[in-house]
Structure formats: C-alpha cells, structure tokens
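What follows is one structure encoded as structure tokens, with my remarks underneath.
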Amino acid sequence: MANFRMGKRGRILLVAAAAATAVGATTLPASAADGPTVADVMASCASGDDVSSCNFTNPEIQKAYLGNFHQVSDTLYNCSTSDATQGLSWSDKVGSTDSAEVSITAGGKIAGLVDLSVTAKYGHSWTTEHSDGGNMGMTVKPGEVGWISRAQVMQEVKGKWDLWYKHTHWGHYNWYWNDTVTSPAPNDTDGVKSAVVIKTRPMTDAEKASCGSQNGKVFLSPTKVEVPKQDKAPHAPGTPTPGTNDTPPAQEANDKKQ
C-alpha cells in the first residue's frame, strides 16, 4: 500500500475547502426564499386561505380581435364515389386564461374579481365564458374530409393584482403582479364578429386506407382533424413583487381588537 504524507499547508487547504463546502451547503436558498410564482399567488387569491384581500386593479380593456379557428364538429369522411351532402351539428365553449395560460373558471372567485373591477370602471360586465352551437349542411367531395370550424371574438384586459395576506408569506404581507386576462367577448365587439365556416381537404394516405373498412361509404368520426393555430403571441406572466409596507392596515386593526 502506498503511503501519503501531508504537510501542514496541505492540511490547512483541506480544512479550508471542507469549511467552504459546508458554508455553501448551508447558504443554498430554499425554494420559498426565491419568492412565490404567479401560480402560487393566484392560487391564494382563488382559495382565500390566509388572505386579507385580493383585488384586480387598474383594468385596461384592449381592442377586440378574432380568435383562432378550431374544429367544433365531428369529421365527415367521404369514401364513396359521389358527393356527400349531410347536415352536421356543432357546439363550442370558449373560456378565459391569464398570462400564465391558466384557465379561469367561470363563476369562480378570480372571474368574479376581474368582473367586479371591469364593471366598476367601465360600467359593463366581463364575459368569462361563451357557449354556442347549431347545425350546418355541407357537401364533401369523394376522397375528402369535411368539418365545421369556428373562431370566437376575443378581448384582453390588462391589470395588476394586489394581494394582502393575513400573515407573512415569503417574508411579506403584500404581493402584486401584472396580468393580462384573455376572454371571449360579445359578438360585434369593436365591430369584430365571430365566424363559423365549413372546411374540407383531401384525405391523407392513411385516411384513404381506412376507407377499406368502411366499404366505400360516408361516415362520421369524433376525431378532430384541424390543428388550431395560435391567434396571438402569449403574454409573459408578471413577476410577483413584494409591497413596500410590511403590515397591512387590516391586520393592524385586527391586532388592536385582540
């Protein structure tokens, strides 16, 4: 076995390195020390757990636009040798999302807070969800597929969330962050109208191959064939920032009563 000798300087360097490793290990920040994520604070607003108040402030409604087209019906396959004319029913439900691409539940607390803020400033309510449906006739040529597609009028409202906790969370009572809520808007908002159209295209090779099992007939499938395109670039979610006050007035009042 080989013998190793270490001088005094070597022992000092080794001890120093070990100490530095220990210090580094103890100073690594915990995940909570980095502050909350948007999902964290939005969850607090929604649940109300240990929350003194949560408000959507300074709402600014943006100009309406037509959202992305998306399939709202079954798919009609024409495996026959003649035109296929058939009526199709369609239905659509469009909801709201925030900057973090998190769905906002209609009738939920977040939706209510946004609606309250918009109504106070603009005098009209904010639509969180829209449902629509109907029937349309279409003609699909041999070797093609057809479906019904719809695009909803959409509108954004920009604002700032102001959240106060009853006790400190991530070292602070108050957190605020910017947000953009995207929701369906009533038809003809800012002159923009929702659209329902019929779309067709030639079958793919795989779809043509599947016609063999259909005996050359016309058939419907619930499988969607349209790939929706992104209508607008997503907004980057705001970063939760601590407020300047350390104790909210509501908490001070509660402390005096106790």
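Just one of the listed residues (Ser103, Ser96) is closer than 30 Å to Lys160 by Cβ, of a type outside the set (Val, Ile, Thr) and surrounded by fewer than 14 Cβ atoms within 10 Å (Cβ to Cβ), and it is Ser103. Residues in region 93-107 that are in contact (Cβ under 8 Å) with a residue 40 or more places away in the chain and within 15 Å of His130 (Cα to Cα): Val94, Gly95, Ser96, Thr97, Ile104. Looking only at residues in region 201-218 that are part of a loop (DSSP other than H, G, I, E, B) and surrounded by 11 or more Cβ atoms within 10 Å (Cβ to Cβ), which one is farthest from the chain's Cα centre (by Cα)? Selected residue: Gly216. Scanning region 219-242 for residues that are of a type in the set (Gly, Ala, Ser), surrounded by 12 or more Cβ atoms within 10 Å (Cβ to Cβ) and either out of contact with any strand residue (DSSP E or B) (no Cβ under 6 Å at 6 or more places or on another chain) or at pLDDT below 90 (or both) returns a single hit, Gly238. Checked against (1) in contact with a Cys (Cβ under 8 Å, 6 or more places away or on another chain); (2) closer than 24 Å to Pro237 by Cβ, Thr97 meets all criteria but (1).
Of the residues screened, Lys166 is not one that is in a strand (DSSP E or B), under 25 Å from Leu116 (Cα atoms), charged (D, E, K, R) and within 24 Å of the chain's Cα centre (by Cα). Only a single criterion out of (1) part of a helix (DSSP H, G or I); (2) under 28 Å from Val225 (Cα atoms); (3) not hydroxyl-bearing (Ser, Thr, Tyr) is not satisfied by Met154, namely (1). The listed residues are His167, His172, and the only one of them that is surrounded by fewer than 15 Cβ atoms within 10 Å (Cβ to Cβ), farther than 29 Å from Leu66 by Cβ, modelled with pLDDT under 95 and not polar (S, T, N, Q) turns out to be His167.
When each of Ser91, Ser82, Ser73 is tested for being modelled with pLDDT of 95 or more, loosely packed, with under 12 Cβ neighbours inside 10 Å and not hydrophobic (A, V, I, L, M, F, W, C), the lone residue that passes is Ser82.
Within region 38-60, the set of residues being closer than 17 Å to Thr247 by Cα and either exposed (fewer than 13 other Cβ atoms within 10 Å of the Cβ) or among the basic types (Lys, Arg) (or both) comprises just one member, Asp50. If we scan region 144-154, do we find a residue that is among the acidic types (Asp, Glu) and under 30 Å from Lys217 (Cβ atoms)? The answer is yes; a qualifying residue exists. Look at region 30-43: where a residue is within 23 Å of Lys109 (Cα to Cα) and a partner is modelled with pLDDT under 90, sitting 6+ places away or on another chain with Cβ atoms under 6 Å, you get Val38/Ala100; Val38/Pro237. When Lys224 is tested against (1) touching a Phe, Trp or Tyr at 6+ places or on another chain (Cβ under 8 Å); (2) outside any loop (DSSP other than H, G, I, E, B); (3) basic (Lys, Arg), only condition (2) is not met.
The values are calculated or read from the model by the stated rules, or taken from the named source; none is laboratory data. This one's a predicted model, so the numbers in the text were calculated from it and none came from an experiment. Cβ: placed from backbone, ideal geometry, glycine included. Neighbour counts: every protein chain shown.
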